[in-house]
Ligand SMILES: *Cc1c(COP(=O)(O)O)cnc(C)c1O
């Protein structure tokens, strides 16, 4: 019997932080004792652990997911002469990274079933100036990397993963982070692997690219007071690296619990006429950063759930090409019908690994009740 008066927030890290408090306090003590706060042993250790976890040879800690993407593009020499293909549906940071290096953004529509970039549309968007494709593993669901890799090979383009929502996601037995030329991760606190502040990482198997990014993140320097290129200051600090090392060993179990919650939701909701539950394509193991349903009556459904005390969010209500930042540019006129329809229909249900079974049932039963009433 679930208690129908309890409130279920969209996200909460309180229980996770309580569970982890002793490990986080030990990490803090280690950093204080070491006397190092930037580019020290904690960062090197976390970089090794995270590279191993992703199944690649290099991880480079940086200040954020946005910086991770921008540094990859810079290190690949992508500039104003280059076109970069990006999905229509994503968090705006994917687009801003390409903007930062001055590249021409070429937005491509999504597959309406997976919400990920549609490889057929990518193929039609490739020109002589295309230098990179950024594939976002949206909501923690791997993009169609086989098809995208073969396009990248055929046209000699770099395939970059935006894995900011996909720590631990699997694609045909391999982890996100090792599926392209390089991958960008974010450790923003609400991501599947989050710091206690901002953070990010680049993963790659390319030793030269890794070395260039190590330089770029540190004022363009790999040897103290020698500056080879105009770099930036974008480092993952020792404290965040130590916190992340404390969390990483729990990532698989936490992702497993997200999968359980997703399966419970889908089990309860799959037969409702006014609601579409997520589809999991063959060969993929998503990590359920978000659990996103679609409904033509999304706004009414959301209002009903709000009255019931169920927190929901929309990822994302305004696609990047319709954001004010691109008003008056060619991007505003982009034809992205699946992206625009998704923006009006998607709804993210509460999803965090420490949700109790009672909370999961409460959400499922409230969504069901509201959807039946609207259908
Ligand atoms: C969170 C996120 C980013 C940006 O990461 P930050 O660490 O917040 O800069 C980029 N892309 C996607 C898909 C994200 O979800």
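The values are calculated or read from the model by the stated rules, or taken from the named source; none is laboratory data. None of these values were measured; they are calculated from a predicted model. All Cβ positions, even for glycine, are placed from backbone atoms using ideal geometry, and neighbour counts span all protein chains on display.
Hey, can you tell me all the residues within the stretch 112-129 that are assigned to a loop (DSSP other than H, G, I, E, B) and within 16 Å of the ligand (Cβ to nearest atom)?
Taking the stretch 112-129 and keeping what is assigned to a loop (DSSP other than H, G, I, E, B), we get 112-116, 118, 126-129.
Answer for the stretch 112-129, where residues must be assigned to a loop (DSSP other than H, G, I, E, B) and within 16 Å of the ligand (Cβ to nearest atom): 114, 115, 116.
For a quick check of your reading of the model, give me the residue pairs whose first member lies in the stretch 327-338 and is within 9 Å of residue 107 (Cα to Cα), whose second is assigned to a helix (DSSP H, G or I), with beta-carbon atoms closer than 7 Å and at least 6 apart or on different chains.
331/321; 334/321; 336/321
Could you check how many residues of the stretch 27-82 are touching a residue at least 60 places away in the same chain (Cβ under 8 Å), away from the ligand (no atom under 16 Å from the Cβ) and within 21 Å of residue 142 (Cα to Cα)?
Summing the residues that are touching a residue at least 60 places away in the same chain (Cβ under 8 Å), away from the ligand (no atom under 16 Å from the Cβ) and within 21 Å of residue 142 (Cα to Cα) in the stretch 27-82 gives 7.
Among the residues of the stretch 181-198, what is the count of those that are farther than 19 Å from residue 132 by Cβ and either within 13 Å of the ligand (Cβ to nearest atom) or assigned to a strand (DSSP E or B) (or both)? If you could, list the steps in order and put the result at the bottom.
If we filter the stretch 181-198 for residues that are farther than 19 Å from residue 132 by Cβ, which is where we start, we get 187-198.
Imposing the further condition that a residue be either within 13 Å of the ligand (Cβ to nearest atom) or assigned to a strand (DSSP E or B) (or both) reduces the set to 187-195, 197-198.
So the count comes out to 11.
Taking the options 220, 168, 177, name whichever one is surrounded by fewer than 19 Cβ atoms within 10 Å (Cβ to Cβ), on the phi > 0 side of the Ramachandran plot and not in a helix (DSSP H, G or I). It would help to see each step written out before you state the result.
Working: 168 fails: surrounded by fewer than 19 Cβ atoms within 10 Å (Cβ to Cβ); 177 fails: surrounded by fewer than 19 Cβ atoms within 10 Å (Cβ to Cβ).
Just a single option satisfies the conditions, and that option is 220.
If we keep just the residues of the stretch 130-155 that are within 30 Å of residue 347 (Cβ to Cβ) and assigned to a strand (DSSP E or B), which is farthest from the ligand (Cβ to nearest atom)?
Among those that are within 30 Å of residue 347 (Cβ to Cβ) and assigned to a strand (DSSP E or B), it is 133.
In the set 108, 86, 101, which member is closer than 15 Å to residue 164 by Cα and within 16 Å of the ligand (Cβ to nearest atom)? Outline the logic, then answer.
Details: 108 fails: closer than 15 Å to residue 164 by Cα; 101 fails: closer than 15 Å to residue 164 by Cα.
The match here is 86.
Can you confirm whether residue 201 is at pLDDT 95 or above and either in a loop (DSSP other than H, G, I, E, B) or within 11 Å of the ligand (Cβ to nearest atom) (or both)?
Numbers: at pLDDT 95 or above: yes; either in a loop (DSSP other than H, G, I, E, B) or within 11 Å of the ligand (Cβ to nearest atom) (or both): yes.
Taking the combined requirement at face value, the residue satisfies it.
Can you pull out the residues in the stretch 292-312 that are surrounded by fewer than 16 Cβ atoms within 10 Å (Cβ to Cβ), in contact with a helix residue (DSSP H, G or I) (Cβ under 8 Å, 6 or more places away or on another chain) and free of Cβ contacts under 8 Å to residues at least 60 places away in the same chain?
If the condition is that a residue be surrounded by fewer than 16 Cβ atoms within 10 Å (Cβ to Cβ), in contact with a helix residue (DSSP H, G or I) (Cβ under 8 Å, 6 or more places away or on another chain) and free of Cβ contacts under 8 Å to residues at least 60 places away in the same chain, then 296 is the only one that fits.
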